[in-house]
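What follows is calculated from the coordinates using simple rules that are stated; it is not laboratory data. The model shown is predicted, which means the values in this text are computed figures rather than measured ones. So basically every Cβ, Gly included, is an ideal-geometry build from the backbone, and we count neighbours across all protein chains shown.
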Amino acid sequence: MLFTPSLAEEGGALTVHPYWILVSIVQFLLLFYLLRRFLWGPVLRTLNDRAERIREGLAAAEAARAERERLAAEVETMLDQGAARGAGDRGPHDKSRGGGGRRSARAGEGRG
């Protein structure tokens, strides 16, 4: 009786049948193949696509940061040139315009 071993035949002891070992191995290999074919491939492809999008996003963020720093340096240079031109237009004791142009521009940097 291959499919229904009784305890009387076995003498009450737990035995291992080679047939069931073979069936278990075949089931495991079949499950492994199906999971690898239909699940592992798409999951791995999705993870790789996600990693690539993250890499592209980080590169874009780095480029945007570099552009922001370049523009900030350019604005700083323009403010320095404007302050130098403004200081040359008026006398040393002329306080009619005030010197708050650069200070107010710097105060606005944190708002953007």
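Model label points for Tyr19 and Glu56, set 7 angstrom from Cα along the Cα-to-Cβ axis, are 5.7 nm apart.
Just name one of Leu58, Ala83, Trp40: the one whose Cα is farthest towards the positive end of the charge dipole of segment 28-85 (beta-carbon charges, Lys/Arg +1, Asp/Glu -1). The Cα lying farthest towards the positive end belongs to Trp40.
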